[in-house]
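Here the structure is laid out as structure tokens; the discussion comes afterwards.
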Amino acid sequence: MLGEAMVEGVAFGMSGLRLWALLVTVASVGGLVVYFGYGGWLYWRYYVRRRDRAVDWKIQPRRFQPADKHRWGIRVAAVNMLLGGLLSGSFAYYVVGGGYSALYLDAAEHGLAYTLLSVVLLFVAIEASAYYTHRLLHRKWLFKHFHRWHHRCVAPTPFNTVTMHPVEFLMLQVSAFLPIFVLPVHAYVFIGMLVYVLIFNIMDHSGIVMRHLLPWHSTSRFHDDHHVYFHCNFGQNLGWFDRFHGTLRRKDRRYGEKVFGGKGAPVGDERGATPEFVEY
């Protein structure tokens, strides 16, 4: 069991409170370093050094956040990253203490082939949970009371990835953890996946024109359009679930903050028309 291995290898001789504090600190500092390190580098490279050439790199070149909104977004993001560290560190402590999960440390327990396959399975599972949780947040009541915080950032920057209501942040964090209670996953695969997802989410919120090197990822415009048009493009890294459910943005539909449902509003007579999805 992962918990037993961790207790013997890491927690030996350490009191419960000290171990919990250590795990929370490591998770918090690690998250802040990745978030503000990578996000800060992108912001400095583009928003500071190339601000006067925004038309060359910015998805919405005429839109920049006012200084007060920019500062507000950073403060909210910092609080949420600390909240995420608290949750992640506490979950790690729960696992170390023998709490149930499907995580494992010995790759031989399930074999190398399955461990490699589990990377794909975990990625798809987290993507699915993110899509359906995000779509749920676009129900009128949840959008008005929680998700609207995130959509204050119509032209997001790298710092706005987790600029959201803490309740929403907890919902998304919990949804990302759910797969590891049913899907056997190596602990390092899970940690690596969380870092991977965070990095690509920063890229997708950057407002910078990016075509990812990995072919299964949508371009950064995919999520930027979600902030512009509100109720479409709910996927986290992929357009698969949006295309399957018909929530991918269409060229022949009208979108806006008040147009709920994920499929836009008709512009004219659509009888017999084939949906024309935007290609990302």
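Read-outs throughout are calculated quantities, based only on the coordinates presented, and are distinct from any laboratory measurement. Just so it is clear, the structure is predicted and the values come from calculations on it, not from any experiment. Cβ coordinates were reconstructed from backbone atoms using ideal geometry, including for glycine residues, and neighbour counts include every protein chain displayed.
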Placing +1 on each Lys and Arg Cβ and -1 on each Asp and Glu Cβ in region 2-209, then taking the dipole about the Cα centre, the residue among ASN80, ALA54, PRO156 whose Cα reaches farthest towards the positive end is ALA54
Determine the alpha carbon to alpha carbon distance for each of LYS58/LYS144; LYS144/LYS263; LYS140/LYS263; LYS69/LYS263 and list only those over 23 Å. LYS58/LYS144; LYS69/LYS263
With runs of 4+ DSSP H residues as the only contributors, calculate the mean residue ellipticity of the chain at 222 nm using -39,500 (n - 2.57) per run, divided by the residue total and rounded to the nearest 500. -17000 deg cm²/dmol
If amide H atoms are built 1.01 Å from N in the plane of the peptide, which residues on other chains or at least 5 residues away come under 5 Å of the amide H of GLN236? TYR131
TRP41 versus GLU279, label points 7 Å from Cα toward the beta carbon: distance in nm? 3.2
1/(1 + (r/R0)^6) with r = Cβ-Cβ of ARG152 and TRP216, R0 = 35 Å, i.e. FRET efficiency to nearest 0.05, evaluates to 0.70
The farthest towards the positive end of the charge dipole of region 2-209, of the residues VAL95, LEU122, LEU172, given +1 on Cβ of Lys and Arg and -1 on Cβ of Asp and Glu, is LEU172
With the dipole of region 179-271 defined by +1 on each Lys or Arg Cβ and -1 on each Asp or Glu Cβ, the option from PHE200, VAL189, GLN236 whose Cα lies farthest towards the positive pole is GLN236
Expected max-MSF residue from TRP149, TRP216, TRP20 in the GNM of the chain (alpha carbon, under 10 Å) is TRP216
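Please state the charge dipole magnitude for the chain, taken about the Cα centre, from unit charges on C-beta atoms (+1 on K and R, -1 on D and E), reported in debye and rounded to the nearest 20.
Numbers: 29 positive and 19 negative charges, 308 e Å.
The dipole of the chain has a size of about 1480 debye.
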Evaluate the distance, in nm, between pseudo-label points positioned 7 Å from the Cα of LEU121 and of ARG51 along their respective Cα→Cβ axes. 4.9
